[in-house]
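What follows is a single structure, written as structure tokens, with notes after it.
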Amino acid sequence: MSKASDQVVAQLDRLVALGYPDVADMTAAVFSALALPLIHALELNDTLTDDILLVPTRELVSPESLIARTSINRRAGFTTMPPRDIASFVPTQGFEPPEGPFYIVVEPHTGTCYLNREPDVARKLMESDNRLPLTMEEGLALATQHTDWLEVKNGYNMLGSRSNDGRVPSIWMSQNSARLGAVWPNSKHTWLGSAYCKARLGVALMRRS
């Protein structure tokens, strides 16, 4: 085992405990087995640390069903957006997820350095900093695995996803819970950064590296 594979196993166990297999309409054993190829690939990787995030793809679990599982102090996350609206936020070109039911993002962060920046401005800054914006699925995974970050760091935009009308999804603290919402690309908020990572890796990419 490696630090990275140990971390993925721990995060997978959390997803199972939070009822993700029920969302995917499968047993816990079948759900967990889908991550085995990724875990085995990570066991052979000696370059990655435990600063990684396990992300289930939209084909496995729909994002509109996950915000309620982002629980903070036993208070379920929530949204006022209808499921169809949430489903409209899709990865923009260049930020599509790797193939497979699961993948990882490397060195995820809530993007504190981009606080109070318009999403379009933060996107340009991120590019110059050689960082990749998180998609909505990745941002939900981050809030699920690190709920305390919303409390001690900041809420964040997920600039890797966008709806047809140009809005970007966001997660922040509201009523002592995690709230999934959206902002316009020219709006800015003092409590919202823009979440990012260093890389996205699926099984195929790791095998080629």
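So is residue 151 without any contact (Cβ under 8 Å) to a residue 12 or more places away in the chain, outside any loop (DSSP other than H, G, I, E, B) and of a type outside the set (Phe, Trp, Tyr) or not? Spelling it out, it is not the case that residue 151 is without any contact (Cβ under 8 Å) to a residue 12 or more places away in the chain, outside any loop (DSSP other than H, G, I, E, B) and of a type outside the set (Phe, Trp, Tyr).
Take residue 10 and tell me if it is free of Cβ contacts under 8 Å to residues at least 12 places away in the same chain and not charged (D, E, K, R). Judged against the criteria, residue 10 is a match. Exactly one residue out of 187, 170 is in a loop (DSSP other than H, G, I, E, B) and not hydrophobic (A, V, I, L, M, F, W, C), and it is 187. Scanning segment 107-158 for residues that are closer than 12 Å to residue 196 by Cα, polar (S, T, N, Q) and either at pLDDT below 95 or touching a Ser or Thr at 6+ places or on another chain (Cβ under 7 Å) (or both) yields 135, 157. Counting only residues that are polar (S, T, N, Q) and buried (at least 22 other Cβ atoms within 10 Å of the Cβ), segment 155-166 holds 2 of them.
The values are calculated or read from the model by the stated rules, or taken from the named source; none is laboratory data. Everything numeric in this text was worked out from a predicted model, so none of it was measured. Note that each Cβ is placed from the backbone with ideal geometry, even for glycine, and that neighbours are counted across all protein chains shown.
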